[in-house]
Amino acid sequence: MTDAPTPSAVAPVNPGKTMGIVALVLSILPFQLIGVILGFVALNQSKKAGQKNGFAVAAIIIGLIGLVIGVIVAIGAAVSGAALFGGLGGIVQICNDLGPGVWEVDGATYTCG
């Protein structure tokens, strides 16, 4: 009886899979920029090994969407802050002009402390 070699079914190693998972987690948390960067690195590593990396692709997509939403929110907050605290008719300027107390100016009530 001869011993025939048994074929070993070794799965190909995907070097970017773990980094893709980490990138996806960071993209969901408030670390979108780091998640996107790691996602691109993981995707690049997987492509070099001839593998696909869905985690990295998902991290890139989710991270970019999160970044866009973050930029929109930051712009909105900056515009709201500028309207509230500066420029023409800002509440800080009005309270500086009027002094402490409750004031009604042009139909709007201001409470200055």
Among 92, 41, 73, determine the one that fluctuates most according to a GNM of the chain built with springs between C-alpha atoms less than 10 Å apart.
92
Of the labelled options (i) 11.9; (ii) 7.3; (iii) 6.9, which one gives mean projected area of the Cα convex hull in nm² as computed for this structure?
(i)
Whole-Hz Karplus ³J(HN,Hα) for region 10-17, in order, using 6.51 cos²θ - 1.76 cosθ + 1.60 and θ = phi - 60°, x for Gly and Pro?
8, 5, x, 7, 9, x, x, 5
Just how large is the dipole of the chain about the Cα centre, in debye to the nearest 20, putting +1 at every Lys and Arg Cβ and -1 at every Asp and Glu Cβ?
760 debye
Residue of 14, 96, 44 that the Gaussian network model of the chain assigns the largest fluctuation, springs spanning Cα pairs under 10 Å:
96
Please turn the phi angles of region 70-82 into ³J(HN,Hα) values with the Karplus equation 6.51 cos²θ - 1.76 cosθ + 1.60 (θ = phi - 60°), one per residue in order, whole Hz, x for glycine and proline.
x, 5, 4, 5, 5, 5, x, 5, 5, 5, 5, x, 5
Using helices alone, I'd like the mean residue ellipticity at 222 nm for the chain: each DSSP H run of four-plus residues gives -39500 (n - 2.57), total over residue count, nearest 500.
-20500 deg cm²/dmol
Under 5 Å between amide H atoms, partner at least 5 residues away or on a different chain: which partners does residue 110 have, H built in plane at 1.01 Å?
103, 104, 105
In sequence order, what are the phi-derived ³J(HN,Hα) couplings for region 44-53 according to the Karplus relation 6.51 cos²θ - 1.76 cosθ + 1.60 with θ = phi - 60°, rounded to whole Hz, with x for glycine and proline?
5, 4, 5, 5, 4, 8, x, 10, 9, 9
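Read-outs throughout are calculated quantities, based only on the coordinates presented, and are distinct from any laboratory measurement. All values derive from a computational prediction rather than experimental measurement. In this analysis, Cβ positions are derived from the backbone assuming ideal geometry, glycine residues included, and neighbour counts consider all displayed protein chains.
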